[in-house]
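To start, the structure under review is shown below, and the notes come after it.
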Amino acid sequence: MNESNFTNKFLKVFGIENHRHNRRDPLNILVPLVSIALALILGMIVIAASGRNPFRAYALLFGDSGLIPGGSSWPREFAELLIKSAMYIATGLSIALAFKGGLFNIGAEGQFWVGAIVATFFGYWTPVAHTFGAMYAALGSLGWIAQLLHGAVCIIMGMLAGGAWGAVAGYLYVKRGVNIVIGTIMLNWIAWFLITSWLVTGPMTPPSQTFTSGTFYIADTAKLFRIMMPTRLNTSILLVLIAAYATWFLLYKTTIGYEIRAIGYTANIGMDAPRAQGININRRVVQVMFFSGALAALGGTFFILGMQYQFPNTATMGYGWTGITVALIGQAEPIGVILAGLFIGAMRTGATSMQVANIPKTFSDIIEGMAVGFIAMQVAVRYYLVKIIHHRRARTTPPADQEATA
Amino acid sequence: MKALEVREVSKMFPGNLANDRISFSVEKGEIFAIVGENGAGKTTLMNIIYGIYTPSAGTIFVNEKEVKIHSVEDAIRLRMGMVHQEFMLIPRFSVTENIVVGDEPRKGIFFDYTRAVREVRELSERVSLTVDAQATTGDLPVGIQQRVEILKVLRRGAEILIFDEPTAVLTPEETADLFVTMRKLQEEGKTILFISHKLKEVMEIADRIAVLRRGKLQGIVNKKDTNEEELARMMVGRNVVLEIPKLDVPVGDVAFACHDLHVKNSRGYEALKGVSFEVRGGEIVGVAGVQGNGQDELVNAMIGFSRPVSGSMELNRKSMHMVTTAQLRKEGMSYITEDRARRGLVMPYTVRDNAIMGQHLNKPFSRGLRMDYEKVAEFAEGKVKEYDIRPGDIYDTAGSLSGGNQQKLILARELSLPHNFLIASQPTRGLDVGATEFVYGKLLEEKKAGKAILLISLELSEILGLSDRILVMFDGHIVGETTPDKTTEEALGLLMLGVGIDRKVQS
Ligand SMILES: Nc1ncnc2c1ncn2[C@@H]1O[C@H](COP(=O)(O)OP(=O)(O)OP(=O)(O)O)[C@@H](O)[C@H]1O
Ligand SMILES: [Mg+2]
């Protein structure tokens, strides 16, 4: 099957299939770190070349990224960093999980928005909103239970819908042979246009409002708790950490994960080995796409329940695409995805204030891009790292690791 | 003149000394064979000479001059060429494209295909290796693909040729052709390094033979002064008995039966044209035949990879109509494949994880959704000991094991699955004598335990030695059924080629 070949070659380039062999190898962590460091150094050169002061740019970029505590604006920046990161980690996990199964789910973008719109709906839809509203009133000081339940309903429905959206692509792939990349791109656009050109401007918009105002607002009971007043930091970061743990558990502790990885490892050669052992490839592929879609959709529900409280007419695509970056930098491992998501979240938070100082936001995009680029040059980065590390050892002892990839 | 000499060459892999101070030299125009158990370090040594690995220590001399070989390019510049265990051809390319790739004749900046075809034809005529220069490589039989590899190496001017287990994938006729070629190359003054597990072949073609054992050179012997038994003893360190004892086991119930089975191959051509047979408990039924006469399609249908066009199959007297591989496995089918890399093992998975694939849903390896990797590790440790899988670390990836050890891992897994019917498809392909002996022993144990076994093999000695009944396949039909005591290798060989089919052998 061609698409799995494509995906596997792609993954190989980014080192995701290739060096996982030895899970204890410290290079697995070093390579992404060094790639980021190289990107930052090169970024400085680019900024300097454009006639700006790179030190000032980085001082702003990192000073206001929320990573470094201190200053009066830090709590707000910290909150922004975590809110952004939560969404990036969600889509990053989505893509990472699919990668593990040898699938390239470009559809995280669409699944994200499907999750968002469904969460919006269950947030405002009168029968649901009224039920939880009444419950909130009746429970008095225990009203948070109603909030918890309403939030959970929105998130679960959003995830189910996003999962279903992903599973459709999986189904089309196993039953009709529709390439996953093409199928998910198609479904992205279908979701995006259905939502933004119809739902958000038609059936889900309050009749009295103008068409520019987006959907109904969700009920208060559906909003995520805020955990660091007065900032708008909410529970999404905690939820996504749970999701990351669940993803790790699924991959490394369950029978499903065992099968998923076996499929992913053999995707480029037809998956005959797991198939011959009785593993139901088709079912697992659809499942992976479902889980992957649900994770992306989780990010979408954060977007609504934690930030916007409605589906705005101004939403722009990008969360799913960012997820690809996050998954690649994070080497498709849940823990890596968390770190990479925080890194990207920080860059994007800091970029806003860099912009205020007249340094275009593009520079942070360039750095992100270069980090991914260096990861793509994985083999080279590894090779030189190994060389440097082994430099002091006998010259005649070449690193065995570099040969395993040769 | 010494064409090649290695002195004190060592190669250290993490925790594994694959080559330990190996020294030997090869005269120009010599055919020098290297034998050794699976994992002895033969491929590693060749990869060092060919620049794929750098040695941890030691020096290499080519034409009596010390050389540093840092890459394959260096090796090619030194006029070396290697025909790998796994071919490195691009299936979609034509024969010509594959031969000239990397060093194409050009007209200006453009690839001059016509000239390339002409060059390939001239070369193939000169060394009498016949190939169709314009054929698509992927469509050719393995033996011909190997010729393409050899031509590619020769075109780059190789004087020293390395063949890593070239005969493992060949039929006896193709092997004979290859040997003719090798002799011709030898006459032209080329030097050949040749690796094989088949001692009979080594004794036929080599001038001198080096024996490796666990990374060390055991000795170098002249072909004239040695014999198969001695070589086997040097390799394994003890006497090897490939004599297969006759076991009389009461024949049990029918485990597998098929009736008038028709199966199409992946190209839609009917490759199995009405086959009927049965396999009973306690018997080994051998399927003899030249590769490509329907064996693959038969196996694919049996394991649920393809659906027969018509006909029926039964496992333990239950119909196999539309059942899945998982159901067949549950019903008691085990399967040893010859295609270890694709079908047998998930190469990036560890020995531990591979050891239980297929049983991973059963207790104690998992409970509900949860894997119990501690139990898995315990099980894998046990199997590694029982089957002597080397180097023996269950956290090594399957891909880092040598071929023989991969095969032992597959055997360990398949025989520990609950089963009463075993399909063994070329179970000793690429195995050394010791490992072959081991596999034979295991198969006989299975038979003694009353399991039904279908043995598919290209090795007639194996078929004759192990089987209770022999089916001969030719062109998608079973053209004869016989027993080992009523036939000979020669008679079987003729049948396999379709000679005298109309007078079916009556058993
Ligand atoms: N890239 C590698 N990394 C680590 N260990 C390796 C690697 N390649 C080979 N080995 C180990 O080195 C030893 C020698 O392997 P090698 O492939 O040279 O054996 P071989 O003699 O060719 O065996 P076979 O007959 O099965 O092909 C084995 O123990 C193998 O596990
Ligand atoms: Mg080898």
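For the protein assembly as shown, DSSP calls about 55 percent of its internal beta bridges antiparallel. For peptide B:300-308, the mean count of partner chain Cβ atoms within 10 Å of a residue's Cβ comes to 1.
Helical content of chain A, expressed as a calculated mean residue ellipticity at 222 nm, amounts to -22500 deg cm²/dmol (DSSP H runs of 4 or more residues, -39,500 (n - 2.57) each, divided by residue number, nearest 500). The GluC sites (Glu not before Pro) of the stretch B:111-203 that meet both conditions, a loop assignment by DSSP and at most 12 other Cβ atoms within 10 Å of the site Cβ, are B:Glu188. Cut-off under 21 Å on the C-alpha distance; same-chain residues fewer than 8 positions from A:Lys223 excluded. Which lysines are left, in chain and number order? Correct list for A:Lys223: A:Lys84. DSSP beta bridges confined to chain B are antiparallel in about 55 percent of cases.
Helical content of chain B, expressed as a calculated mean residue ellipticity at 222 nm, amounts to -9000 deg cm²/dmol (DSSP H runs of 4 or more residues, -39,500 (n - 2.57) each, divided by residue number, nearest 500). Shown are A:Tyr58, A:Tyr217, whose ranking by accessible area with a 1.4 Å probe and every protein chain present, most to least, is A:Tyr217, A:Tyr58. Backbone geometry of the stretch B:22-38 corresponds, through the Karplus equation with coefficients 6.51, -1.76 and 1.60 at θ = phi - 60°, to 3J(HN,Hα) couplings of 9, 10, 6, 9, 10, 6, 4, x, 9, 9, 10, 9, 10, 10, x, 4, 4 Hz, x marking Gly and Pro.
Taking all protein chains together and rolling a 1.4 Å probe, B:Asp177 ends up with roughly 80 Å² accessible. Relative to the longest principal axis of the Cα atoms of chain A, the long axis of helix A:74-100 lies at roughly 70 degrees. The simple spin-label model puts a point 7 Å past each Cα toward its Cβ; for A:Lys175 and A:Ile68 those points are separated by 5.5 nm. Extension gain, B:Leu17 to B:Glu386, is 130.6 nm, computed as 0.36 nm per intervening residue step minus the present C-alpha separation. The stretch A:175-244 and the stretch B:94-133 have Cα centres spaced 59 Å apart. Each residue of the stretch B:212-217 was assigned a 3J(HN,Hα) from its phi angle through the Karplus curve 6.51 cos²θ - 1.76 cosθ + 1.60 (θ = phi - 60°); the sequence is 9, 9, 6, x, 10, 7 Hz, with glycine and proline shown as x.
Dividing the Cα radius of gyration of the stretch A:229-335 by its Kirkwood radius returns 1.06 for Rg/Rh.
When Cβ neighbours within 10 Å are restricted to other protein chains, what is their mean count per residue of peptide B:346-354? Spell out each step's value before the answer.
Working: counts 11, 5, 9, 8, 3, 0, 0, 4, 3.
Going residue by residue through B:346-354 and averaging, the value is 5.
If you take the Cα centroid of the stretch A:47-88 and the Cα centroid of the stretch B:361-414, the two points sit 49 Å apart. Legend: distances between Cα atoms for B:Lys198/B:Lys408; B:Lys198/B:Lys223; B:Lys28/B:Lys224; B:Lys11/B:Lys442; B:Lys11/B:Lys68; A:Lys175/A:Lys253; pairs beyond 23 Å are B:Lys11/B:Lys442; A:Lys175/A:Lys253.
Scaling against 2.2 N^0.38 Å puts the C-alpha radius of gyration of the stretch B:2-236 at 1.02. For the stretch A:249-342, applying the loop criterion from DSSP together with a ceiling of 11 other beta carbons within 10 Å to the chymotrypsin sites (Phe, Trp or Tyr not before Pro) yields no site. For the residues B:Lys375, B:Lys383, a 1.4 Å probe over the protein chains yields an accessible-area ranking, largest first, of B:Lys375, B:Lys383. For B:Lys318, the lysines whose Cα falls under 26 Å of its own Cα, not counting residues fewer than eight places away in the same chain, are B:Lys264, B:Lys273, B:Lys330, B:Lys363, B:Lys447, B:Lys448, B:Lys451.
Using the Cα gyration tensor of chain A, with a ≥ b ≥ c the square roots of its eigenvalues, what is the shape: rounded (a/c below 1.5), prolate (a/b larger than b/c) or oblate (neither)? In terms of gyration-tensor shape, oblate.
Above 22 Å lies some portion of the pair distances; for the stretch A:139-243, what is it as a whole percent of all C-alpha pairs?
So the portion of pairs separated by more than 22 Å is 54 percent.
The alpha carbon radius of gyration of chain B, expressed as a multiple of 2.2 N^0.38 Å, is 1.02. Share of Cα-Cα pairs in the stretch B:344-417 beyond 18 Å, in percent? Counting every Cα pair in the stretch B:344-417, those more than 18 Å apart make up 29 percent.
Three principal axis extents describe the C-alpha atoms of the protein assembly as shown; from largest down they are 96, 68, 54 Å. Electrostatic bookkeeping for A:Ala79 treats Lys and Arg as +1 and Asp and Glu as -1; over the other residues with beta carbon under 13 Å from its beta carbon, the sum is +1. Couplings 3J(HN,Hα) for the stretch A:294-310, derived from phi with the Karplus relation 6.51 cos²θ - 1.76 cosθ + 1.60 (θ = phi - 60°), are 5, 5, 4, 5, 4, x, x, 5, 4, 4, 7, 6, x, 10, 8, 6, 7 Hz, where x marks Gly and Pro.
Along chain A, the exposed loop sites are trypsin sites (Lys or Arg not before Pro) outside DSSP states H, G, I, E and B with at most 10 other Cβ atoms within 10 Å, and the longest stretch free of them is A:25-391.
Here B:Lys486 is the anchor, and the aspartates and glutamates within straight C-alpha reach of less than 19 Å, apart from those fewer than 8 places off in the same chain, are B:Glu243, B:Asp248, B:Glu283, B:Glu459, B:Glu462, B:Asp468, B:Asp502.
Between B:Leu247 and B:Val309, the C-beta separation translates, for a Förster distance of 35 Å, into a calculated FRET efficiency of about 0.40. Where both bridge residues fall in the stretch B:2-236, DSSP classifies roughly 60% of the beta bridges as antiparallel.
The values are calculated or read from the model by the stated rules, or taken from the named source; none is laboratory data. These figures come from a predicted structure and were not determined experimentally. Note: ideal-geometry Cβ built from the backbone for every residue, glycine included; neighbour counts use all protein chains shown. Only protein heavy atoms, including side chains, enter the accessible area calculation; ligands, DNA and RNA are left aside. Shrake-Rupley method; radii C 1.70, N 1.55, O 1.52, S 1.80 Å.
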